[in-house]
Each structure stands twice: as structure tokens, then as C-alpha cells.
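Some notes on the structure that comes next.
The values are calculated or read from the model by the stated rules, or taken from the named source; none is laboratory data. Computed from a predicted model, the values in this text were never measured in an experiment. Counting neighbours? That spans all protein chains shown, and the Cβs are built from the backbone with ideal geometry, glycine included. When the accessible area is computed, the model is the full protein with side chains, heavy atoms only, and any ligands, DNA or RNA have been set aside. Shrake-Rupley method; radii C 1.70, N 1.55, O 1.52, S 1.80 Å.
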Protein chains: 4
Amino acid sequence: MSDYKTLREQAFEANMEIPKRGLAIYTWGNVSAFDKTAGVFAIKPSGVSYDDLSAEKMVVVDLEGKIVWGNLRPSSDTDTHLVLYKSFSGIGGVTHTHSPFAAAWAQAGKNVPVLGTTHADHAEEIPCTKFLTEEAVKKAYELETGNLIAETFKSLGKNPLHLQMILVAGHGPFTWGSDAAKSVYHAAVLEEICKMVYFTLQINPDNSVLPAYIINKHWERKHGSGAYYGQ
Amino acid sequence: MSDYKTLREQAFEANMEIPKRGLAIYTWGNVSAFDKTAGVFAIKPSGVSYDDLSAEKMVVVDLEGKIVWGNLRPSSDTDTHLVLYKSFSGIGGVTHTHSPFAAAWAQAGKNVPVLGTTHADHAEEIPCTKFLTEEAVKKAYELETGNLIAETFKSLGKNPLHLQMILVAGHGPFTWGSDAAKSVYHAAVLEEICKMVYFTLQINPDNSVLPAYIINKHWERKHGSGAYYGQ
Amino acid sequence: MSDYKTLREQAFEANMEIPKRGLAIYTWGNVSAFDKTAGVFAIKPSGVSYDDLSAEKMVVVDLEGKIVWGNLRPSSDTDTHLVLYKSFSGIGGVTHTHSPFAAAWAQAGKNVPVLGTTHADHAEEIPCTKFLTEEAVKKAYELETGNLIAETFKSLGKNPLHLQMILVAGHGPFTWGSDAAKSVYHAAVLEEICKMVYFTLQINPDNSVLPAYIINKHWERKHGSGAYYGQ
Amino acid sequence: MSDYKTLREQAFEANMEIPKRGLAIYTWGNVSAFDKTAGVFAIKPSGVSYDDLSAEKMVVVDLEGKIVWGNLRPSSDTDTHLVLYKSFSGIGGVTHTHSPFAAAWAQAGKNVPVLGTTHADHAEEIPCTKFLTEEAVKKAYELETGNLIAETFKSLGKNPLHLQMILVAGHGPFTWGSDAAKSVYHAAVLEEICKMVYFTLQINPDNSVLPAYIINKHWERKHGSGAYYGQ
């Protein structure tokens, strides 16, 4: 039987980016790393400080939510991660943080408009969900948070392999990517985007969005079929 | 006779979190650690820089304000700590900082509304006291600051074991907890909450509060009888 | 044949100032160092993290855009640098960052007015370009970004050896200088100026500009014929 | 003949607080240390980076502005320091920085009102001067900046041993104290005060000042005849 060492190490290293990048304090936030073939993901244990974290303390969970490796209780947000792995085929990592500017946009209940190329390099307009209903919160809060994200993407017609971040109203950001490292990269990018848009609208509240042809150009040069960014 | 070594070490370590977490500069701020059985608390000496602090320099004071251990003068805010230990049965640590966002909300004289789950995870709406009266300031400023906090909690019907933070109008934050470490944790959390609410209201000034059922859910999953956060 | 070691080292060291000064995260931003005699410049490779950078990884490009040294693909912004070296005779380094306050002013599409001596010490009012046209974006995006900067300077009658920074609308800052180190110095200065003007206009939205005689005095004491700043 | 070693070391150590406390970048800002008996002060050399600074590089100047020790050119702001030592009897150190919040209040041309006890612990309302006249700038800019500060204090009836900080309109903060270390302490305090007031007025633009009896209490407990703060 596997001890999921590589998967736990990937999850551990990606989790340690959260304090390094200033995306959450103390025990807040969590990253998971998904192994599609094995159908399991490694996730941060609940309420453990980043100072005390190690690959040994990661918890491995299957897609029914059963713990398959580890002695600690997994993150209280585990069911949200689980729904995202089930709903968004092709992703390999999920990150949740409480980074201040992204959390503020989530608390404000506002979509983040594309006002610059830093944003266009990485994402479209970033949606903010509605509040979960009282019924959903009472039924299965974390699982329904995952469903809310998946349904928001479906109703907006968004492709989760293209747009890899969302704000949950009144809560904070969830991001994902092809692996755990990419998901936490997107969390840091989202914070930077949210900070820049915040400053921009304070300077010029009537600011309009970037022209579509510039948005498209930046996306295409980094992610399109003729992409020429990177090695 | 005890030299209160453990208590002084707890107080020292909790005080050192203040500069580490960016909650005050130079000599500002103070944390105390309370030993209920002995009826004494260890507190930062007045006007000593964090760079020069040690467990040896902590001052131990009883609930009449008498120094029972140490050669230095205790924090000028000692009487405020003393009143909180007398008024809020069950707490084991008190922290006072000058962290900028919490101080700004205190200077603005505004309660901090619950706009997100980061806040709901830790607290209800955070009250800001009224200004102390001139009479109270002249009589016994620091002691009356403690009374003001206790009376504000009483008049609002708040439970100090549930809501563990307050803003003193025109002054700054006081927080507490089951021990010194928890009280300074609450000071860092309060600063983060105040920062996020500040940003949120700049983005969306007409923002309404989080639905009560989400606030309750976040509190309950972390602190309720069926709590499932942490180990 | 030269391996451009000194030039690559200058470019490498100037690039490392970007993360050190907090001007961009991950792989964002780029600095180049120009050798006028050889007609080539060394520039950051595209999409390489600052943690992984070395002088060995720099790419040397001539003024036709041909790689003359190095195995990696140069920065996707290489053509913008190239146009600036061709258009602004006498400059020896170019920097592009995504620093948050400068990016916000660029996203807001606003010129940065001279409100203080920190600004006057280094620059005049900092122009923000118009958006590139759709035609220019489709034709040759990065090269046309360089042309946009050069044309903006020409139409405003600005001297690029005097004013060494600009904001590209919806994108971010480009700065330059007599060498690579100076260009990244100007990028850090620009961020500081943009931050100060942002705060100033939040405090006093009706703020008027600094009197011309103070602006001139600060420029002259640092850069004029009778300059007496520095050694 | 003295080599002013102690004085230069005091000036050097106080200057190094500027980058450590984030009060200025690169070569900006300067601190001097005054020896009243000798009638000289040690000051930062002009345009030298903090990374390259040492006690050996400090410049010692007398009250006629003559260099009495050192090979480098003194700070371009030397004449402002000189006027302050001549005008404000009893001070032993002067600091000038470009810290962003203090610079922003100076650029906004606004006095900083006392909205909290952090401010009241250290100062009264902090005045912002008028702009220097064109005549004064042309005559002797730095010397007239010193005169402007001294005249502002005189016309407001302020005591420079009580209020030890000012904002020069469109320029930035000047602070002083009984020695060089105290003057740079006041520069850091001023930045913190300016940041808190900025945040406060964003939260509550109609904020009124702190009651006079609280302002007085905080000043008196720290600096009055019956002060009980510190050791």
C-alpha cells in the first residue's frame, strides 16, 4: 500500500507558500494536491500552524472523503476541495487562503473587473458567488461551498481550466491549477490583482475595463496556441 | 516563595509576538499572563523596548496592584489588565497593542461589523467603547479604562469568554483569552479583521453584514459543541 | 567572440533588484543592460523565476532582435526594450515591473502630477500613454508598445534623458537610465512616487501641484549645472 | 584636535534606523547628532547609500556650516539642520525622512489632528508649514527651510522641546529630539501617527478630535511632572 509520499510532499511544499507569500496567518488557509490515478488528495491537517507543518502531517483523503493515510483530522474545508476535484476535471491542486485584498473583494460581494494586463495575463473577470442559502449551510456547509463554486462556473459558462480562481461571497478566495504549486501561485496572483484593482478604483472610480483586444492579446501570448511567454 | 518563572516565561513569549506580528513598534503594547490560583499576573515592564526584553524583566503583580516579584516598574496599563482579570472570570491573558488598523477603528469610534467568515470564525461585531468621562480620566485613568471595558460588555450583554476583543475609543485594542498566547493571537486576528473590513468598505461602502446563519455556522464549526475545526 | 560577461552580470544584478525592492513577484518584470558600442543588450529570459536566475541565464540580443548569446528565449517584452534603445539615444538600461501603485496609476489611465519634492527630485509629471490601437496590438504588440512610448514622448516634447519613466495605459511602468542599475532605481522611485501621490489625493482630493519654483529648485540641486547633491 | 568619534557613531547609528524602520529608500533622508559644547554636528554625507554608510563617512560641520572633519560633502539638507540647532535651544539631534504617510500629509498641505492616544503620547497637532516663497527658494533654499520651520513654531507659539516634529509643505517631515536617536524615534512615530490618522479619516471622514482631557492625560503620564511611564 502506498504512503503517498510524493503527493504529501507536494501538498506540504505548496502549503508552505501560504505564509511565505503572506496569504494567511497562523493556521488559516489550506492547499491540497490531487493524484487523479489514485483518486486521492493530500491536504493540510485542520488547525495546525504552518510553523509545525511537515509532509508527515498531511492527510490523504479519497473522493468519498475517507481518510486513506494519516493520523490527523484533515482541513475543515476538505469537502470543498473534494467537490472541486470531482467537478473540475483536469485540475491537480486547490488552494484556499484568507489573503486580505481577495477576502475584502469577497466580503464586498463584487466581481473583480479586468483593468490591466497583470490580470489579463492570468484570468478573465473574476466572479464572486452569491451567499450560500441557509438550507445549504445547514445541510453540508463545506460540500455546498464546493457545489456553489461549480454551479457558479456552470451558470456563467466558464471553463475551469482557463479561469482558475473565484471569490466565495463573504468568505474568501478559492483557486486551483494543474498541480498544487500552480493553485497556490494563482492564490498569490489573485491577491496581487485584487490589490491593484483596489488601488485603481480609488484613483479613478469611473475607470472602464481594458479593451477586449488587449485582454485577448495578453491571454494568448501566455496561454494561446501561439504562446511565446516562458521557455 | 515562588519566583513565578513559568508565568514570566509565558508573558515574555507572548510579549515577543507583538513585534513579530507587527502589532506595535519600540516599547508600545503589553501582554500579561494570569495565574488564577496564585492570584497574580506577569506583565511587561513599562517603557522597555522589545529588543531588551527577557523573562527576567517581567513584573509580577497581584490583584491589589502590589508588585510581588521584579525590580522594574510594570506597564502603565497594569491597572487595566488588573480590572479585566477581576471582571472577566476565566480569562488567563490580556493584550494591548497599537496595531494600525485596529487603532484606526478605535480612533474612528466605530464598531467593527461582521462582513466575512474570517471575522465570524473568531468573534461577533467588535464594540468600540465611548470616550471615558473627564471625571474618570482624572480619578484613575487606567483602572477606569478597565471599568469602561467591563461596563461596555455588561451593558451589551456580551460574554467575555465568547467575544474576546474590544476597541477603546480614541485609544486602541484590548484583547484577552484563556492564556497569554491566546490573547496576543486575538490581537493579531483583530488587526487582520480590521484591515479586511477597512478594505471591504472602501470597495463597497453600502456593504451589508454577512447573513446570521453563515456567521453562526462559522462560529459553531470552530467553537460550538459540535466543533470540527482543529485536532 | 565576446560572451558579454560584464553586460550579463549587470543585467542579472539589476534584475535581482526587482524582487529585493518588492517591484514584482515570481517571474514578472524584466531589466536589460545595453552596450551601445556592441549594439546589443542583455535581458532576463522569459518566464524564469528570480530564485532561478543567474548571469548565465541572461540572453543577449542585438538591435534587430537576433539572439547573439544564450540558450533561453528572451523576455516577451524584448521588442519594447529594443525600440527604447533605438529611440532614446544615450540610455543604457530599461526596466519593466508590475509594482502595485505604478500599475494602479497605469490601470487608472492617469498622469501622475508632481505633488512633492520626492517626485521633483527625480522627474516631471509622469505621463500615462493612451491604449494601443487594436491594429497595433495585432501587428506587433511589444514593438508597438515601444513605439507608443517613443511617440508619447515626442508628442509631449519630453527629453528621455531628463524624464526617465512612463506608464503604459492598462499595463504598467517602463523606466530607463544611463545603465541597468539606474533604470531599476527609477522603477523603485516611480513606485514610491505613485504610492505617495495616491495617499496624498486620498487625504486631500483637491490638492494642487507643487509651485514650479520648488519643482525646479529640487531638480536643479540634484541634476542641474550647479548641482550640489551627492559626492 | 578631536575626531568627534562618539558624535559620528551616534549619527551613524541613528542614520541606520532610517532603512531599518522603512523611513526612506536608497540615499534618501538624513540624521545629524549635535554636540552643544563643541558647537558642531555630525551628519550623513550627501547621496551615499545606507548600505555603504559608516561612522567614518559622517561629516562634522560647525554652526557656520564649515566642515571641521571628514572628506565627503555633507547632506544637501545640512543648512536646515544647522538652523534648527541654532533656533531650537536644547535639541541634540535632527532627522529628515521621506516616509510615505508623513510625506503624503506634507504633500496634502494639512496639519495632522490628534485623533488618538498614540499621537497624544508623543505630540500635539502636528503643523504643516506654508510653501516657501519663490524669493526664499532662490536665496538659500535649505537655510530658508530651516527658517520656515522656526518661524512656523514661533507664530504658532509652539515649544520645540515639547512638540518635536513638523511637516514642510510639499516636501516631507523634519523631527528632532534631545539626541540623534530620539530624533529618528520621532520620525518613526510621526510615520505611524500619519498612517493611523489616514486610516481613521477613511473610515470616518467626520471624525472629531480626541477630548482635550484625554490628550492631556496621555501627555502628562509620559512627559509631565508626575510621569509614571518608563523606568
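A few points about this structure:
- Residues with amide H under 5 Å from that of B:Trp69, placed H, sequence gap 5 or more: B:Val60
- Straight Cα distances below 20 angstrom link C:Lys217 to the aspartates and glutamates C:Asp121, C:Glu124, C:Glu125, D:Asp77, D:Asp79, D:Glu134, D:Glu135, D:Glu142, D:Glu144, with same-chain residues fewer than 8 positions distant left out.
- Ranking A:Pro205, A:Thr80, A:Phe101 by Cα position along the charge dipole of chain A, where only Lys, Arg, Asp and Glu carry charges on their C-beta atoms, puts A:Pro205 farthest toward the positive end.
- Size of electric dipole in the range A:124-199: Cβ of Lys, Arg +1 and of Asp, Glu -1, about Cα centre, debye, nearest 20: 60
- Buried on complex formation within the range A:194-211 (loss of at least 10 square angstrom of accessible surface versus the isolated chain, 1.4 Å probe, ligands and nucleic acids ignored): A:Lys195, A:Met196, A:Tyr198, A:Phe199, A:Thr200, A:Gln202, A:Ile203, A:Asn204, A:Asn207, A:Leu210, A:Pro211.
- Around the amide H of C:Leu132, modelled in the peptide plane, lies no amide H under 5 Å away from a residue 5 or more places distant or on another chain.
- Highest GNM mean-square fluctuation among A:Asp121, A:Asp79, A:Asp51, for chain A modelled with Cα contacts below 10 Å: A:Asp51.
- Spacing of the two label points (7 Å from each Cα toward its C-beta) at A:Glu135 and C:Glu135, in nm: 5.7
- Degrees, to the nearest 10: B:180-203 long Cα axis against longest axis of chain B: 30
- Placing +1 on each Lys and Arg Cβ and -1 on each Asp and Glu Cβ, with no other charges, gives the protein assembly as shown a dipole about its Cα centre of roughly 420 debye.
- Normalised contact order of chain A, rounded percent, pairs of Cα under 8 Å and 6 or more residues apart: 22
- Lysine pairs within the range B:1-136, Cα separation less than 22 Å, 8 or more sequence positions apart or different chains: 17
- Cα-based shape type of the protein assembly as shown, given that a ≥ b ≥ c are square roots of the gyration tensor eigenvalues and the cut on a/c is 1.5: oblate
- Among C:Leu156, C:Leu148, C:Leu84: highest mean-square fluctuation, GNM of chain C, C-alpha pairs under 10 Å: C:Leu156
- Computing FRET efficiency as 1/(1 + (r/R0)^6) for A:His162 and A:Val209, where r is the C-beta to C-beta distance and R0 is 22 Å, gives about 0.75.
- Share of carbon and sulfur in the accessible heavy-atom surface of the protein assembly as shown [1.4 Å probe, %]: 49
- Cα centroids of the range C:161-231 and the range A:186-216: 24 Å apart.
- Centre-to-centre, using Cα atoms only, the range C:16-83 and the range A:134-149 are separated by 48 Å.
- Per residue of chain A, the DSSP helices (runs of n ≥ 4 H) give a summed -39500 (n - 2.57) that works out to -13500 deg cm²/dmol at 222 nm.
- FRET efficiency, C:Ser87 to D:Glu151 (Cβ-Cβ, R0 56 Å, nearest 0.05): 0.70
- Gyration tensor (alpha-carbon) shape descriptor, chain D, a/c threshold 1.5: prolate
- Heavy-atom accessible surface that D and B bury in contact, both chains counted, 1.4 Å, Å² to 100: 3100
- Remark: the range A:1-92 carries 42 Å² of accessible area per residue (probe radius 1.4 Å; ligands, DNA and RNA excluded).
- When the Gaussian network model of chain D links Cα atoms closer than 10 Å, the mean-square fluctuations of D:Ile193, D:Ile203, D:Ile149 top out at D:Ile203.
- Rounded to 10°, Cα long-axis angle of helix B:134-156 versus longest principal axis of chain B: 50
- Average accessible surface for the range D:128-177: 42 Å² per residue, computed with a 1.4 Å probe over protein heavy atoms with every protein chain in place.
- Taking the longest Cα principal axis of chain D as reference, the axis of helix D:78-87 is set at about 60 degrees.
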